[in-house]
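What follows is calculated from the coordinates using simple rules that are stated; it is not laboratory data. As the structure is a computational prediction, the values presented were derived from the model and not from experiment. We place every Cβ from the backbone using ideal geometry, glycine too, and count neighbours over all the protein chains shown.
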Amino acid sequence: MRHTKGFVIRIFLFSALLLYLGGDLFLFNGPLRKRIQRGLPDSPESIAAAKAQGVVARVLHLPILDSQLERATRERLWLRGKKLEDLTPNQRRVERLAALEDLIDHQLLRVKVKHNATELPVSEAEIDEALKRLAARFESRDAMQKELAAEGIDSEKELRLRLGGRLQQQKYVESRIAPEIAVTEEEARAWYESHAKELARPERIEARHIFLSTLGHDAAAARATLQTALGDLTAKRKDFPTLAAKLSGDPRTKQAGGNLGWLTRDRLPADFATPLFSLPLNQPSLIRTKLGWHLVEVTARKPAEARSFEDARDEVMAAMEAVKRRDATRRFRAALRFQEGRYIRVFADMIPE
């Protein structure tokens, strides 16, 4: 069988192409091999390109950017009343690593929830409630909108979508850990028996005060004003509510007769609690704290008392359930990390101090 000239040429060209491809892929680092390498997520070329774009980690092949990490870190600190600029370089890195852990878990859960979305419906009422809780964290609506804009959320629709997604994640985790967080009556009673002293009601007092700050003010003048007020009380020329409304610098209590309500030692600063709890009933006195001068009066007292299991039951059950939920959530997140570990890549050198 004789081959035509065109057939021979095609065979030759095809063979040459195969030889070139083989050389490009296996013998020398040619354009095709480089292109393929750039497409592989764990290749040096792909990693270099990702880092150049600010990627600090990849989860299930999805990027986490340095800008996302910075916002998440600042939010974590903001919730605790702290700022990134106030930390040392080592503390900043620790906070960023912790925020990255949360972002990785969030990314994993987002993918899982996406595949189970129909099982996890979120109502508009639930989103409304979440929106109220979010708004309560800000001083004003403008402050909230400014913060949301920094997060890339420029409309209420987008915000509601994100809140709905967060709620779906919570429901997803809850559905997986539910069997582990139930607290039995026997468990609660056993815990109560071993913590009965801690559950006892501490000594409590009911008190009222008239407060004058000495921060930036004349301490001697503040004391003199309250000393005069004390004389008016002792001589019964004026009553406590009238003096509180007129003199007190505490806006939360001045219109309520200076009433502080029922107090326990552990809820008060030591320099206020110690002298306050030592006062006899119905004897107005002056107390100096680091904040200022107080004209105080203890109006009632209740001694420490034990609590029965029936009285403390709901509190014990709630506390134990909270601990179980926390521990079960940690185990679930760790298991999810282990399961998807091969798809998690952190670029530690991209995390600044």
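I need the shape label for segment 100-215. Rule: rounded when a/c is under 1.5, else prolate if a/b > b/c, else oblate, with a, b, c from the alpha carbon gyration tensor.
Details: a/c = 2.75, a/b = 1.19, b/c = 2.31.
Taking the square roots of the gyration eigenvalues as a ≥ b ≥ c, segment 100-215 is oblate.
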Have a look at R162, R71, R223 and tell me which one the Gaussian network model of the chain (Cα, springs below 10 Å) gives the largest fluctuation.
R223
Quick one: net charge of G81's neighbours, Cβ under 13 Å, K/R +1, D/E -1?
+4
Where a label projected 7 Å from the Cα of L161 along Cα→Cβ would reach, residues of segment 87-123 with amide N under 20 Å:
106-123
Taking 0.36 nm per residue of separation between A200 and R80 and subtracting their Cα-Cα distance, the length gained on full extension comes to 40.2 nm
Based on Cβ point charges of +1 for Lys and Arg and -1 for Asp and Glu, what charge dipole magnitude is obtained for the chain about its Cα centre, in debye rounded to the nearest 20?
1200 debye
Specify the residue with the greatest mean-square fluctuation among K171, K290, K82, computed from a Gaussian network of the chain linking alpha-carbon atoms under 10 Å apart.
K290
In whole percent, the Cα-Cα distances of segment 244-336 spread across 10 Å bins from 0 upward as 12, 31, 20, 20, 13, 4, 0
Among the aspartates and glutamates, which fall within straight-line cross-link reach of K146, defined as a Cα-Cα distance under 15 Å, with same-chain neighbours fewer than 8 residues apart omitted?
E75, D154, E156, E158
What area, in nm² and to one decimal, does the C-alpha convex hull of segment 201-302 cast on average over all directions?
6.1 nm²
Can you list residues whose amide H is under 5 Å from T214's amide H, if they're 5+ apart or on another chain and H is modeled 1.01 Å from N?
G292, W293
DSSP loop GluC sites (Glu not before Pro) in segment 93-169 with at most 12 other Cβ atoms within 10 Å of their Cβ, which ones?
E139
Return the distance in nm (one decimal) between the two label points of a simple spin-label model at D142 and D218, each offset 7 Å from Cα along Cα→Cβ.
3.7 nm
The chain: relative contact order in percent, alpha carbon pairs under 8 Å with at least 6 residues between
22 percent
Once you have a ≥ b ≥ c as the square roots of the Cα gyration tensor eigenvalues for segment 258-301, tell me rounded if a/c is under 1.5, and otherwise prolate or oblate according to whether a/b is larger than b/c.
oblate
Output the pairs from K132/K290; K171/K324; K83/K171; K197/K302; K197/K324; K132/K171 with a Cα-Cα distance over 25 Å in this structure; if there are none, say none.
K132/K290; K83/K171
Could you sort 247-253, 343-349 so that the peptide with the highest average Cβ count within 10 Å comes first and the rest follow in order?
247-253, 343-349
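Gain in length, K238 to Q255, computed as 0.36 nm per residue apart minus the alpha-carbon separation, to one decimal in nm?
Taking 0.36 nm per residue and subtracting the Cα distance, the gain is 4.6 nm.
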Full extension between E321 and A182 adds, at 0.36 nm per residue less the Cα distance, a length in nm of 49.4 nm
Taking the chain as the region of interest, what is the percent of Cα-Cα pairs per 10 angstrom bin, listed from the shortest bin to the one with the maximum distance?
4, 14, 17, 18, 18, 13, 7, 4, 2, 2, 1, 1, 0, 0
Can you tell me which of F332, F211, F309 moves the most in a GNM of the chain? Springs connect C-alpha atoms under 10 Å apart.
F211
Can you tell me the FRET efficiency between L97 and E193 if r is taken as the Cβ-Cβ distance and R0 is 41 Å, rounded to the nearest 0.05?
0.50
Just to confirm the number: angle between the C-alpha axis of helix 141-150 and the first principal axis of the chain, 0 to 90 degrees, nearest 10?
30 degrees
